[in-house]
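Notes follow once the structure below has been shown.
The values are calculated or read from the model by the stated rules, or taken from the named source; none is laboratory data. No experiment lies behind these values; they were computed from the predicted model shown. Note: ideal-geometry Cβ built from the backbone for every residue, glycine included; neighbour counts use all protein chains shown. Calculation scope for accessible area: heavy atoms of the full protein, side chains included, ligands and nucleic acids excluded. Shrake-Rupley method; radii C 1.70, N 1.55, O 1.52, S 1.80 Å.
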Amino acid sequence: MDFSLTQEQKQFAEAVRRWVEKDYNFETRKKIVESEAGVSDTAWAALAELGATALPVPEDQGGFSGSAIDMLVVMQELGRGIVIEPYFATVLGAEFLKKAGGHDSVLEQVAGGEIKLAAALSEKQSRHDLFDIAATATKNADGYVLNGTKTVVLHGAQANKLVISARNSGAQRDTDGISLFLVDADTAGLTRRDYRTIDCQRAADISLNNVQVPASALIGAAGAGWDIIDAVSDYGVTLLCAEAIGLMEALTAATLEYLKTRQQFGVPIGKFQVLQHRMAEMFMEMEQARSMATLAAVKVSSSDVEERRRTVSAAKARVGQAARYVGQQAVQLHGGMGVTNELPAAHMFKRLTMIEVSLGDTDHHLARFIAQPGFKQAA
């Protein structure tokens, strides 16, 4: 199997990298983080102009029908630049609409960069089990009434529309009886509490108090939302793995540069063999993670559900292990400066830490991998 990038993919990556280096450098990012909004309309417009917002959208809705490999290329570059814009949240929301069908006009707006989306899936008790849903959807003559609370919704306060999971039947932890809804952020009864996360992203807690939505807000079939959630969350995991690779590349390069310039006993500390060994180990961890992230991007669209779950969970676990190792080693090799906000390294480490626990941490995905049919026989 050929894992080489096409010329078009390389060109797209170079375009995104040039934009990051020119218009989204570390100082610019710092100003955006410290702003009241926490994101930049200018940066979002630039991503739309580059075609990044249209990339994952089908051609019929004005997009480029980009594959997961195409998205891997973009996410790596956004990771390398520690970009904090609501791109991942919007792409994840759009994936729900693609999987279920319908809502074509919304996808057209996403492609043009006119709106942002967010996926409100988690609740305070659910942790990594996205089927653990207490929020309710009650059918009435006008559609559905939503009640409940969604927590740590990435860029939930910056989104124009939210994809919300709610239960219309079954017990709290059943996979049956889950429905998905596309809800305008300004709908009566929906309130958002915005805050900054430790990696300088934005998240929000969403409260639903008798939120009336029309029947047309339903995504897919009523009560059959779990398979879509499962598939889209795997797609999201694949994007996060790609972002982590970009972060590890940038962090490894920054650490190597530091070892070349920081002097001790009259020589650069990079001359010390023990530190050279640690850099080599960081590189090997990163390359192993890159291989698994690429494989996940290839297999995430597989029609074989077990193969998709197995590969994606293996990738998330391996990338999570590598992210922890590379991040911790980079901080140690930078010394005390490695944890200061003045250096990009600290921000990269924080983002890697958050990626490791997003959409299932390493332990969760190891357990999921082991639980797949055929594991015991293969072992």
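List of remarks:
- Per-residue [θ]222 nm for the chain (sum of -39500 (n - 2.57) over DSSP H runs n ≥ 4, rounded to 500): -17000 deg cm²/dmol
- The protection proxy used here, the mean number of other Cβ atoms lying within 10 Å of each residue, ranks peptides 255-267, 232-244, 45-57, 152-164 as follows, highest first: 232-244, 152-164, 45-57, 255-267.
- Region 1-65 and region 220-296: distance between their alpha carbon centers, rounded to Å: 19
- Options [x] 19.8; [y] 21.0; [z] 48.9 - which one matches mean projected area of the Cα convex hull in nm² as calculated here: [x]
- Heavy-atom accessible surface of the chain, averaged per residue, reaches 44 Å², computed with a 1.4 Å probe.
- Note that region 81-92 has calculated 3J(HN,Hα) couplings of x, 6, 5, 10, 6, x, 6, 4, 4, 5, 5, 5 Hz, one per residue in order, obtained from phi through the Karplus relation 6.51 cos²θ - 1.76 cosθ + 1.60 (θ = phi - 60°); glycine and proline are x.
- Solvent-accessible surface (1.4 Å probe) assigned to Met354 amounts to roughly 50 Å².
- Gap separating the Cα centres of region 167-211 and region 107-141, nearest whole Å: 6
- Positive minus negative residues near Asp194 (Lys, Arg vs Asp, Glu; Cβ under 14 Å): +4
- Distance in nm between pseudo-label sites at Ser105 and Lys31 (7 Å out along the Cβ direction from Cα): 3.8
- Accessible surface of the chain [probe 1.4 Å, protein heavy atoms]: carbon and sulfur percent: 52
- Environment charge at Val57 (Cβ cut-off 11 Å; Lys +1, Arg +1, Asp -1, Glu -1): -4
- If you take all other residues with their beta carbon under 9 Å from the beta carbon of Thr175, and give Lys and Arg +1 and Asp and Glu -1, the sum is -3.
- Amide N proximity, region 160-185 versus Asn140 label position 7 Å along Cα-to-Cβ, cut-off under 18 Å: 166-169, 181-184
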